[in-house]
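Report on the structure given below.
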Amino acid sequence: MAPALFVRAIEQKDLETALAIANLDPISNCYLVSKLENWHGIDQQLLLVTDRNRNLGIAYIGINATTANCSYEMLTHLADYLNTVRSVSSSIVGLREDVFGLWEQISSLWGPPRLIREDQPLLELTSHVQGDLNPEVRAATIEDLDLVLPAAANMFREEVGIDPMKANTRTAYRNRISELLNLGRTYILLDGPEIIFKADVGVLSSEVIQVQGVWVAPQYRGLRISGPALAQAINLMQQDHAPRVSLYVNDFNTRALRLYRALGFTQVGTFASVML
């Protein structure tokens, strides 16, 4: 049977089932849930995946690729489909076994990865955020764009190793930062006219926040700013957006892990990222 018969774009009739699958694990599948909740019938990047026993999984193949509830056989069919349509994402992100299950089968055709992060603890805030709150942290607005953009770009360079302000990506990156600001999903702390801390609601479903883009200006690191600032940012995120809070972090970032655990986060899974 042709591989494409096992993979097709999600249709309106599939939406309820797809959401039920994604919500089996709303923390690890937050990105997929957010895409499904905002599906308007025209997104060909949301896919339904089946196997010979007609079990169901789902995938999103956009700038990021991620899957949910996919067996190894389903990942094989998905890989065949992606190679047929020549779809290439900039990263594969998700639960470690899913990421490497898919990457194993498409790596020969998609080329060598730029970077692999194979152990990224997935954390959830399982109680009220712990510790002191810095009341000076606030939601940024679009009027803060000229301050937020360089801070966000600096964080991106440190974390990903790519300059998002290059000519070929500058406009798209600026638009993404503007989108977060317009949605009230970026939180900042100022020292005079300078941003010294920021954090974003990078992914948002109706129930779950995935925190991304946590950054402290280099000259302020080690001054105990990040704990109270992030605690307040999370407190505001829960008030403004959704009750459950998650994030994932590189295993070698021991300072960040200590901070997140002190705030009340516990590990609920392990992510991995393959960056292309």
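Restricted to region 53-66, and to residues there that are surrounded by fewer than 20 Cβ atoms within 10 Å (Cβ to Cβ) and either closer than 16 Å to V93 by Cα or touching a helix residue (DSSP H, G or I) at 6+ places or on another chain (Cβ under 7 Å) (or both), the residue that is modelled with the highest pLDDT is L56. Residue count for region 19-30 satisfying the condition of being touching a helix residue (DSSP H, G or I) at 6+ places or on another chain (Cβ under 6 Å) and in a helix (DSSP H, G or I): 2.
Checked against the criterion of being aliphatic (A, V, I, L, M) and more than 28 Å from N29 (Cα to Cα), region 122-138 contains one or more residues that satisfy it.
Screening region 31-51 for residues that are outside any strand (DSSP E or B) and in contact (Cβ under 8 Å) with a residue 40 or more places away in the chain and picking the one that is surrounded by the most Cβ atoms within 10 Å (Cβ to Cβ) gives V33.
Going by what's in this entry, would G94 be described as over 21 Å from S34 (Cβ atoms) and either of a type outside the set (A, V, I, L, M, F, W, C) or over 18 Å from the mean Cα position of the chain (by Cα) (or both)? Considered against the rule, which asks whether it is over 21 Å from S34 (Cβ atoms) and either of a type outside the set (A, V, I, L, M, F, W, C) or over 18 Å from the mean Cα position of the chain (by Cα) (or both), G94 comes out as no. Could you give me the residue pairs with C-beta distances under 6 Å whose first residue belongs to region 249-276 and is closer than 24 Å to T66 by Cα, whose second residue is acidic (D, E) wherever it lies, and which are 6+ apart or on separate chains? Note: pairs meeting the criteria are D251/D119; V268/E124; A272/E118. Going by the conditions given, is I58 of a type outside the set (S, T, Y), part of a loop (DSSP other than H, G, I, E, B) and under 28 Å from E124 (Cα atoms)? Answer is no for this residue.
For region 238-255, filtering for residues that are surrounded by 14 or more Cβ atoms within 10 Å (Cβ to Cβ), out of contact with any helix residue (DSSP H, G or I) (no Cβ under 9 Å at 6 or more places or on another chain) and in a loop (DSSP other than H, G, I, E, B) leaves 3. Look at region 230-245: where a residue is over 13 Å from C30 (Cβ atoms) and touching a residue at least 12 places away in the same chain (Cβ under 8 Å) and a partner is of a type outside the set (S, T, Y) and in a helix (DSSP H, G or I), sitting 6+ places away or on another chain with Cβ atoms under 8 Å, you get L230/L259; L230/L263; A231/L263; I234/L263.
If I filter region 98-110 for residues that are touching a residue at least 40 places away in the same chain (Cβ under 8 Å), in contact with a Leu (Cβ under 6 Å, 6 or more places away or on another chain) and surrounded by 21 or more Cβ atoms within 10 Å (Cβ to Cβ), do I get at least one hit? No, because not a single residue in region 98-110 is touching a residue at least 40 places away in the same chain (Cβ under 8 Å), in contact with a Leu (Cβ under 6 Å, 6 or more places away or on another chain) and surrounded by 21 or more Cβ atoms within 10 Å (Cβ to Cβ). Taking region 52-65 as the range and being within 18 Å of A20 (Cβ to Cβ) and charged (D, E, K, R) as the test, only R54 passes. Which one is surrounded by the fewest Cβ atoms within 10 Å (Cβ to Cβ), of the residues in region 207-224 that are farther than 15 Å from M155 by Cβ and touching a residue at least 12 places away in the same chain (Cβ under 8 Å)? This residue is E207.
The values are calculated or read from the model by the stated rules, or taken from the named source; none is laboratory data. Remember, predicted model here, so these are calculated numbers, not experimental data. Counting neighbours? That spans all protein chains shown, and the Cβs are built from the backbone with ideal geometry, glycine included.
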